[in-house]
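Just below is one structure, and these are the notes that go with it.
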Amino acid sequence: MRTVSVNGDALTVADVVDVARGMATAELAASAAGGMEPSRAVVAAAIAGDAPVYGVNTGFGALADTRVGEQDLTRLQGAIIRSHAAATAAPLDDPAVRALLLLRARTLAAGYSGVRADVPARLIELLRRDLLPVVPGKGSVGASGDLAQLAHLAQPLIGEGRLRAPGDPLSGRPAAEVLAEHGMAPLVLAPKEGLSLVNGTEPMQALLAFSVHDAAMLVTAADVACALSVEALLGTDRPYDERVQALRPHPGQLDSAANLRALLAGSPLLASHRHSHHAVQDAYSLRCAPQVHGAVRDVLAHARRVLEIELGSVVDNPVVVRDGEVMTTGNFHGEPLAFAADMLAMALAELASISERRVDRMLDPASSRGLPPFLAPGTNSGFMLAQYTAASLVSENKVLAHPASVDTIPTSGKQEDHVSMGWTAVRKLRDVVANVRTCLAVEVCCAAQGIDLRAEVAAPSRALAAVHAAVREQVPMMEVDREVAGQIAAVDELLPALAGVAAAHCGGLR
């Protein structure tokens with residue numbers, strides 16, 4: 001298991017996902033304390049001086065003009081965490097909280113926040129011990145970052161709020177109790193440390209990282225599912241020809257078309273009807289797959305670029321720049337992440353939409369080119385209700401794809417008078433990702449059945465035969481009606497492996 005070193009430098013999407021999902025550990029780099037010391041010294045000097053410095057010796061938000069005496073600054077750090085811990089709804093799951101601990105530690109370790117190394121060290125220590133703060137999932141407008149979620153994340157550092165140790169319920173237990181069991185004393189926060197713990201976009205970063213990571217698998221799985229459907233529907237691969245695709249060279253389109261060519265290469269099933277009248281021109285859901293799938297890939301690439309910048313950014317406020325000046329900033333505003341999440345939700349929704357149309361063509365004898373109704377013999381209902389499921393999720397995605405980032409509502413006495421709603425955007429994006437994955441699983445189930453029903457015509461390509469075989473190891477052909485939900489769930493679980501099987505049999509996929 002690899003270890004991710006937290007020294008303030010940019011993390012990768014893989015770093016975040018691997019640590020969050022238990023496939024990597026994290027440690028605070030030995031060099032972090034030295035890099036953080038200059039900004040901490042600046043904060044100490046500001047406290048001793050006479051000039052008002054926002055967040056260091058003043059109040060916060062709408063109270064920015066209120067000077068705070070030195071004797072009250074320590075008390076103020078706990079107060080801001082308590083007062084901002086106002087989130088609601090079901091707690092975030094374990095991977096999301098692990099990602100938050102990692103990402104907030106990275107921001108503070110960058111050395112622009114004026115905090116002691118003890119603060120990111122404690123976040124990493126909680127992560128190492130898998131002691132996870134209970135962070136309710138709703139209550140952020142994505143303005144000064146995700147204030148409420150980060151406040152709940154910070155509470156256990158001062159012995160308040162709730163923590164869940166391995167085996168605890170999602171609601172956790174009082175943090176002071178859990179810390180005592182593990183021999184950990186609460187931190188006494190120094191000036192500015194409370195503010196630095198609650199300002200930032202890390203919750204948005206975390207959820208967007210999961211979606212970007214998972215969507216990378218989905219765009220490949222969509223090409224595999226489409227290729228299976230092309231085989232089952234006796235379609236043609238002519239529209240994917242490189243000579244045609246080069247006339248409109250969007251990067252994602254070229255990649256998707258190349259995948260479809262590789263997946264269908266040498267297919268006896270396609271060859272069996274290559275010169276038939278029906279193969280002259282397929283429906284858009286088959287013929288235009290590279291254009292649709294490819295456009296999704298291009299939006300995903302944009303979202304990844306935005307996220308990668310954010311994973312190396314400093315999103316605290318105020319910050320201590322390298323020349324020692326304490327400067328107020330708006331880097332905590334979630335608009336870049338909100339736009340990226342909204343665009344990705346819209347794009348991925350189309351991936352499910354076009355997949356559902358291919359499913360419908362396979363189930364309808366008017367368009368399936370000889371397949372039995374609902375891919376079932378006799379009076380069996382076959383996959384009739386699987387299409388209902390896909391249709392339901394596609395329609396749900398249409399609601400979820402409505403952009404959150406076009407909304408705003410003023411907060412903090414109108415000091416924060418324009419907000420991003422980025423937290424809403426990344427939360428609903430996760431639902432879209434899950435729905436798309438299920439829709440692709442429905443398509444694979446139906447296409448595998450269609451290929452079974454074409455067995456007397458010819459075999460599919462080598463790559464798709466391997467994919468079909470991997471499906472059939474877990475989900476036998478449905479010759480008579482049986483529960484469909486279990487088949488969809490099994491293929492849903494298999495999707496990453498199916499993409500890998502396909503890639504292995506055609507020299508890699510893009």
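The values are calculated or read from the model by the stated rules, or taken from the named source; none is laboratory data. Nothing here was measured: the structure is a model prediction, and the numbers come from that model. For neighbour counting, all protein chains shown are included, and Cβ atoms are generated from backbone atoms with ideal geometry for every residue, glycine included. To get the accessible areas, we keep the full protein, side chains included, count just its heavy atoms, and leave off ligands, DNA and RNA. Shrake-Rupley method; radii C 1.70, N 1.55, O 1.52, S 1.80 Å.
Once both labels are positioned 7 Å from their Cα atoms along Cα-to-Cβ, the gap between Arg82 and Ser5 label points is 4.1 nm. For region 356-510, what class follows from the C-alpha gyration tensor (a ≥ b ≥ c being the square roots of its eigenvalues): rounded when a/c is under 1.5, otherwise prolate if a/b is larger than b/c, else oblate? Since a/c reaches 1.5 and a/b is larger than b/c, the shape of region 356-510 is classed as prolate.
Please give me the summed charge of the neighbours of Ala215: other residues whose Cβ is under 10 Å from its Cβ, Lys and Arg +1, Asp and Glu -1.
Details: positive: Arg297, Arg304, Arg437; negative: Asp214.
Here the charged neighbours net out to +2.
Taken as Cα centroids, region 8-31 and region 149-215 sit 17 Å apart, rounded to the nearest whole angstrom. Rounded, prolate or oblate: which one fits the chain, using the alpha carbon gyration tensor with axes a ≥ b ≥ c (rounded when a/c is under 1.5, else prolate when a/b beats b/c, else oblate)? Prolate. Counting only residues at least eight positions apart within a chain, or on another chain, the lysines with an alpha carbon under 19 Å from that of Lys428 are Lys138, Lys398. Within the assembled protein chains, the solvent-accessible surface assigned to Thr411 is about 40 Å², based on a 1.4 Å probe. Taking a ≥ b ≥ c as the square roots of the eigenvalues of the Cα gyration tensor, region 310-447 is classed as prolate, since a/c reaches at least 1.5 and a/b is larger than b/c. Taking the Cα centre of the chain as origin and assigning +1 to Lys and Arg Cβ atoms and -1 to Asp and Glu Cβ atoms, the resulting dipole is close to 580 debye.
Spin-label model, Tyr388 to Glu177: label points 7 Å out along the Cα-to-beta-carbon direction sit 4.5 nm apart. In the chain, helical runs assigned H by DSSP with n ≥ 4 each contribute -39500 (n - 2.57); averaged across all residues and rounded to the nearest 500, the mean residue ellipticity at 222 nm is -18000 deg cm²/dmol.
Out of all DSSP beta bridges with both ends in the chain, state the antiparallel percent to the nearest 5.
On the way: 11 of 17 bridges.
Counting DSSP beta bridges with both partners in the chain, the antiparallel share is about 65 percent.
Amide H contacts for Gly200 (H built 1.01 Å from N in the peptide plane; partners 5 or more residues away or on another chain; cut-off under 5 Å): Gly145, Asp146.
Rounded to the nearest Hz, the phi-derived 3J(HN,Hα) couplings of region 400-411 under the Karplus curve 6.51 cos²θ - 1.76 cosθ + 1.60 (θ = phi - 60°) are 5, 7, 4, x, 6, 6, 7, 9, 7, 8, x, 9, where x marks glycine and proline.
Largest first, how would Phe383, Phe332 line up by accessible area (1.4 Å probe)? Walk me through the numbers on the way to the answer.
Values: Phe383 5, Phe332 35 Å².
Largest to smallest exposure gives the sequence Phe332, Phe383.
Close amide H pairs (under 5 Å, H built 1.01 Å from N) link Leu163 with Val134, Arg173, Ala175, residues at least 5 positions away or on another chain. Scoring 345-352, 441-448 by mean Cβ neighbours within 10 Å over their residues and listing the highest first yields 441-448, 345-352. The listed peptides 93-102, 417-426, 386-395, 39-48, ordered by packing as a protection proxy, come out as 417-426, 93-102, 386-395, 39-48 (highest mean of other Cβ atoms within 10 Å first).
Stretched out straight at 0.36 nm per residue, the stretch from Ala485 to Ala434 would grow longer than its current Cα-Cα span by 16.8 nm.
From largest accessible area down, sort Lys398, Lys192; use a 1.4 Å probe on the protein chains.
Details: Lys398 140, Lys192 0 Å².
The residues order as Lys398, Lys192, largest area first.
Peptides 475-486, 196-207, 158-169 ordered by packing proxy, namely the average of other Cβ atoms within 10 Å per residue, highest first: 196-207, 158-169, 475-486.
In this structure, Arg75 and Ile47 have a Cβ-Cβ separation that, at R0 = 22 Å, corresponds to a calculated FRET efficiency of about 0.95. Note on Leu247 and Ala469: with the Förster distance fixed at 45 Å, the Cβ-Cβ geometry gives a FRET efficiency of about 0.80.
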